[in-house]
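Notes follow once the structure below has been shown.
The values are calculated or read from the model by the stated rules, or taken from the named source; none is laboratory data. Values in this document were obtained by computation on a predicted structure and should not be read as measured data. Here the Cβ positions follow ideal geometry from the backbone for every residue, glycine too, while neighbour counts run over all protein chains shown. The area values use the complete protein model at the heavy-atom level, side chains included, leaving out ligands, DNA and RNA. Shrake-Rupley method; radii C 1.70, N 1.55, O 1.52, S 1.80 Å.
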2 protein chains.
Amino acid sequence: MKFDDKIPIYYQIKNYLYHEMLTGTLNPGDKLPAVRQLAVDLTVNVNTVQRALSEMITEGTIESQRGKGNFVTADTTRLAQLKEQLVMTQLAQVYEQLHALNLTDEEIIASLKRYIEQKGAGQNV
Amino acid sequence: MKFDDKIPIYYQIKNYLYHEMLTGTLNPGDKLPAVRQLAVDLTVNVNTVQRALSEMITEGTIESQRGKGNFVTADTTRLAQLKEQLVMTQLAQVYEQLHALNLTDEEIIASLKRYIEQKGAGQNV
DNA sequence: CCTAGTGTTATATTTTACTATTACACTATA
DNA sequence: TATAGTGTAATAGTAAAATATAACACTAGG
C-alpha cells in the first residue's frame, strides 16, 4: 500500500480500516485479518499495525480478544457515529481552508459542484 | 502559532504564508518579514522557516534577494494559479474521502450544504 | 570602511515514527 | 499436552523533522 509521507503511517492505517469497516468490506462483528497478515498486506511492521489498532481499540471501534483476533465492534450505533464524525471532519476541514482563502459560502458550494461536474465528465459512478 | 503534530511544521508554514499571500495580508511584490522575525513570530527555528521558504522560492511564489529580503512574487497570474491549485487540492481531498465512504456526488454536495447551514446558524459571514 | 540588517548554510543534538527482531500470553484443536 | 494461530510488548537500530547555535554572504547607509 502506498502512503502519504506527510502523515504518520499508523494514522493512515486507521483511515484505511475505517474505510473497510464503513463500506461493507468489514461488517459489524467481523474478524479482522491477523495483525501479522495486515502487516504483510500493507507492507509495514507489525508494531505499526498494532499502534493503529490499539488506538481504535481505545476508541471502541475495534474489540480485541487475545488469542482469537481483532473484531469490528458489533455496535452499529457506534459505527454510524464514526462515519458521521469522519464526514464532519472532512467537511469542516475543507470549509475552513476555503473560507480562509476568502471564498464565500456560496463560492465554496459552487466550486465543489464545478469540481464534481468536471470530474464526472468521463468517469461517473 | 499552534501546529498539527501530524503534519511537518515546514509544510504548515508554507500554507500559512500562502494564506497571507492570497488574502491581502501580503500583496504581490511585498516584502516578507525577515526570516529571523518569522521564526520568532511562529515560535519555530530559523532553519524550519528557511526550509518552507526555499521550497516556495523553487516554486516561484516567493523571490529571494540576498541581503534585502524575501518578496512575494509580483506575478499575479502565478498567484492566481496558486490559489486555484490550493482550492482544487482541498476539493479533491474532501471528494475522495467522502466518495470512499460511499457517499454519492449528490450526498456529498448535500452534506456540505447542510454543514454550512448548521454552521451559519449564529455566525454568518 | 564599518555596522546593522538581511538571506544562506552547516554542525551537532533531540524527538518521533518506523523497522527488525524477539519474546511472552492466550485460544483452539489435533 | 503439544502445536499452530492469535494478540501484546519490549528492545535496539534507522531515518526524518526540528532545534540550538554558529558562521558565512550580501546590501544599505552612516
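If I take all pairs of Cα atoms in the protein assembly as shown, what percentage of them are more than 21 Å from each other? Counting every Cα pair in the protein assembly as shown, those more than 21 Å apart make up 67 percent.
Summarising the label geometry, the points placed 7 Å from Cα in the beta-carbon direction at A:H99 and A:N47 lie 4.1 nm from one another. Listed by number, the DSSP H helices of chain B that run 24 Å or longer by alpha-carbon position along their axis and have mean Kyte hydropathy of at least -1.0 are B:76-100. Here's the picture: charge each Lys and Arg Cβ at +1 and each Asp and Glu Cβ at -1 in chain A, and of A:A100, A:Q65, A:G29 the one pushed furthest to the positive end of that dipole is A:Q65. Only the Cβ atoms of Lys and Arg (+1) and of Asp and Glu (-1) were treated as charged; on that basis the dipole of chain A about its Cα centre amounts to roughly 520 debye.
Computed from protein heavy atoms with a 1.4 Å probe, the total accessible area buried between A and B is close to 3600 Å². For trypsin sites (Lys or Arg not before Pro), the sites in the stretch B:57-125 that DSSP calls loop and that have at most 10 other Cβ atoms within 10 Å are B:R66, B:K68. For chain B, a Gaussian network of Cα nodes joined below 10 Å ranks B:L103, B:L82, B:L91 by mean-square fluctuation, and the top entry is B:L103. Label zone (B:E20, point 7 Å along Cα-to-C-beta; backbone nitrogen cut-off 13 Å) within the stretch B:72-103: B:72-73. Within 10 Å of the Cβ of each residue in B:83-96, the mean number of Cβ atoms contributed by other protein chains is 5.
The lysines within cross-link reach of A:K68, meaning a Cα-to-Cα straight distance under 30 Å and a gap of 8 or more places when in the same chain, are A:K2, A:K14, A:K31, A:K83.
Take each residue in A:22-31, count the other chain C-beta atoms within 10 Å of its C-beta, and the mean is 1.
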